[in-house]
Amino acid sequence: MLAFTLFPVGYNVWLGFFAKHSLRATSTWVGLGNYAQMLSDPDFWRSVWLATVYAVGSTTLQIFAGVAGALILHQRFAGCDFLRGVALFPYMIPTVIAVFVWRWLMNDLYGVIPYVLGTLHIPGMPEAWLTHATIMWVLIVLSVWTFFPFVLVNVLARLQTIPPELYDAARVDGASAVRQFFHVTLPQLRNVLLIVLLLRGIWMFTKFDVPWLLGFGGGAGEAIRTLPVFTYQRSFTYYQAGMGAALSNIMLVLLLMAVTIYFVAFPPSEEEQDA
Amino acid sequence: MPDRARHGRRRPVSRTAAWALRLGLFAFCAFPLYWMVVSSLKVSHELLASPPTFWPHEWELRAYRKLFYETNFWTYFQNTVVVSALTTVIVIVAGVIGAYSLTRYAFRGRTFVARVTLLAYMFPPIIMLVPLFLLARQFGLVNSIPGLALTYISFSLPYALWILRAFFQSIPLELEHAALIDGANRAQALTYVVMPLALPGIIATAIFTFIVAWNDFLFALVLIGQDELKTLAIGINEFFHMAVVDWGLIMAAGVMVTIPALVFFIAVQRYLIAGWGAGGLKG
C-alpha cells in the first residue's frame, strides 16, 4: 500500500527535473529548469490565483450551506427523511452530469436561470453567465450545489450526538435560539467543522473535472483555468510531462504547507487524533 | 414561567419560516434534477423556446431513442459497470483483509500505517496524474479496462482501509476469542464472526468505492482513447463534439446515468448513513 502511494509521488518528484515528452520515451535532465520556467510564467501565477479564489469561495459557501442544511434537517418534521434523501442527492450524481445540467441551466441562450433572473429586472444583472466576467460565479455555485451535502452529512451526524441537556440548561438560563447556536451548537461543532474545512479546501483547490468540464479549458474557460486544469493542459495538451510533474509537485508542496499551518493553528483534540 | 412557554410552543411565524427554509432547501437540491428530467422529455422546439416552459406542453421520447440507437451509450454503460465492479470487488477483498490485520494484529508501525492511510484519504488524485499515466504506458495499461480499474484501486484502497478499520474496531474481540477457543482458525473467525457483524460497513465501503469508479472523469480521460472502451463520463462528454449540441440527448443521458444511482441509493441509504459516520466520502 505504501508502494502504491509513495512510489508515484517519488517518481513525480524525479520527473520534475526532466524535460520529458508525455508520449515519447526520451527525457533530458534540466535540473530546476521546469521550476524556473514556471515561476516566470504569468499563466502559472494566474492559475494559482484562480484555484485559490475557487477553493476559498466554494469552500466557504459549502460550509455555510451545509451547516444551514444540517440545522434544517436536524428537526423532526413530516417528510424529513425524504428531504434528507433529496439533500444528499446532488453529491451522488456523477460530476459530469452535474456540470452538464448546470451548463444547460445557465445556457446563454436557452438557460432557465438567466431567464428567471432576467424577469426580476435587477439593474446590473448580466444577461449571459458563461462569459469571462461571470463564469467563476457559475463554477462556484455549481460546486456548492454538488459538494455541500458532504458538509451537511458530517455536521448532521455530529449534531445528533450533542446532548439535549446542554440546550435545556441554556434555555433555563434564558438564552435565545441565536445565542444557543453560538454558545452551545457551534463550540460542539468545532472539531468536525475544522476537519471538513481542511478536506473540502484541499479537494476544491485540486478539483479538475468541474472547472474543466464547465470551461473546456478554452474560451471563457480561461477565466476558470485553475492550477489543476493548467497542470492537465501542460501534461496532455502540450505533452510536457516534466512540466506537468513539476506543477503537481508545486501543488503537493502548497497542500503540505497548508496542512502543516492548519494543524499548528488548530491542533486537533485528543479524541480525533486517535480516531 | 413566561420564558419556558415562549420556547416550548413554536409561534406560527417561526413555523412558517421553518417550512419556507425546508422548501428552499428542497428547491435548491431538486430543481436542477427536475429540469434535467423535463428537458430530456421536451420536443426540440419547446426545448429551445423562450420563455422556457416549466411544465412541457408536449412530451416525447425522441432523445432516449437517439441515445439508445444512434450513440454508443450502451457500450459506455457496460464499460462503466465492468470497471466499477472490478474495482469494487478487488478493493473490498483486499480492504477487508488489510483492515482486519490493521485492527487485530499488533505489529511495529501500526499507528504509522494508520496515519499514512488518513493522509492517503486526503490525498488529491490529480497529483499522481503524470506518474500514473507514464507508468500505465510503460506497462501497456493504456486503453485497457483492467488498467483503468487498477488506477482506481490504487487510490480507493487506502480510504477503504480507513473506513473498514473503524468498523472492525467496533467489533468486540471477545466474540472472536470465543470462536478461536471453539476451534476456528483465523480465516474462519473472520468469515463467520467478524464479516457478518461488519457487513453494514463493508456495504458502505463498497458503495463509496463503486461511486469513485463510476464518477471518475480525469483518469478515464487520460487513459482511455478508444471509443469502444470509453466509460460514461468521457463518453457523454463526446456528445458535445457533435455538429449541433443536442441538449435533449445530453439530459436524457444524464437521466439514464442518474436513475440507476438513485434506485441503488434509496435501496442502501441506511448503510450509507452508517458509513458516513465513519468518514467514508471523498470527492
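Could you tell me which of rounded, prolate or oblate describes the range A:121-212, using a ≥ b ≥ c as the square roots of the eigenvalues of the alpha-carbon gyration tensor, with rounded for a/c under 1.5 and, failing that, prolate when a/b is larger than b/c and oblate otherwise? Cα axes put the range A:121-212 in the oblate bin.
The value of relative contact order for the range B:166-255, using C-alpha pairs under 8 Å at least six residues apart, is 18 percent. Please give the Cα centre distance for the range A:180-202 versus the range A:82-154, rounded to the nearest Å. Between the Cα centres of the range A:180-202 and the range A:82-154 lies a distance of 25 Å. Only aspartates and glutamates eight or more places from A:Lys20 in sequence, or on another chain, were considered; those with a Cα closer than 19 Å are A:Asp41. Judged by the ratio a/c of the largest to the smallest principal axis of the C-alpha gyration tensor, chain A counts as oblate, that ratio being 1.5 or greater while a/b is no larger than b/c. Using the Cβ-Cβ distance between B:Ala27 and A:Asp168 with R0 set to 35 Å, the FRET efficiency from 1/(1 + (r/R0)^6) comes to roughly 0.55. Among the helices of chain B, those built from whole DSSP H runs whose Cα atoms reach 24 Å or more along their own axis and whose mean Kyte-Doolittle hydropathy is at least 0.5 are B:12-41, B:73-104, B:145-169, B:195-215, B:247-267. The modelled label-to-label distance between A:Phe216 and B:Val37, using points 7 Å beyond Cα along the C-beta direction, is 3.0 nm.
The calculated FRET efficiency for the pair B:Ile259 and A:Leu39, based on their C-beta separation and a Förster distance of 41 Å, comes to about 0.25. If one puts a single equal scatterer on every Cα of the protein assembly as shown and applies the Debye formula without solvent, what log₁₀ I(q)/I(0) results at q = 0.06, 0.08, 0.09, 0.10 Å⁻¹? Evaluating at q = 0.06, 0.08, 0.09, 0.10 Å⁻¹ gives log10 I(q)/I(0) of -0.33, -0.59, -0.75, -0.92. Long hydrophobic helices in chain A: the complete DSSP H runs spanning 24 Å or more by Cα along their own axis with mean Kyte-Doolittle hydropathy of at least 0.0 are A:42-74, A:135-159, A:186-205, A:241-265. Note on A:Ser27 and A:Leu109: the model spin-label points, each 7 Å out from Cα along the C-beta direction, lie 4.7 nm apart.
Highest mobility in the GNM of chain A, judged by mean-square fluctuation with C-alpha springs under 10 Å and restricted to A:Thr231, A:Thr95, A:Thr28, is found for A:Thr28. Fewest neighbouring Cβ atoms within 10 Å first, the residues B:Lys230, A:Lys20 line up as B:Lys230, A:Lys20. Where the centroid of each part is defined by its Cα atoms, how far is the range B:63-79 from the range A:6-33 in Å? Cα centroid to Cα centroid, the span is 40 Å. The Cβ shell under 14 Å around B:Glu58 holds other residues with a net charge of 0, Lys and Arg each +1, Asp and Glu each -1. Here the Gaussian network model covers chain A, with springs between Cα atoms less than 10 Å apart; of A:Gly221, A:Gly201, A:Gly31, A:Gly31 fluctuates the most. Our helix-only sum for chain A, with -39,500 (n - 2.57) per DSSP H run of n ≥ 4 divided by its residues, gives a mean residue ellipticity at 222 nm of -22500 deg cm²/dmol.
Our helix-only sum for chain B, with -39,500 (n - 2.57) per DSSP H run of n ≥ 4 divided by its residues, gives a mean residue ellipticity at 222 nm of -23500 deg cm²/dmol. For B:His241, A:His74, the sequence from fewest to most other C-beta atoms within 10 Å is B:His241, A:His74.
By other beta-carbon atoms within 10 Å, ranking B:Ser40, B:Ser144 with the fewest at the front produces B:Ser144, B:Ser40.
Any read-out appearing in this document is the output of simple, stated calculations on the displayed coordinates, not a laboratory observation. Because the structure is predicted, anything quoted here is derived from the model rather than measured. Using ideal geometry, Cβ is built from the backbone for each residue, glycine included, and neighbour counts are taken over all protein chains shown.
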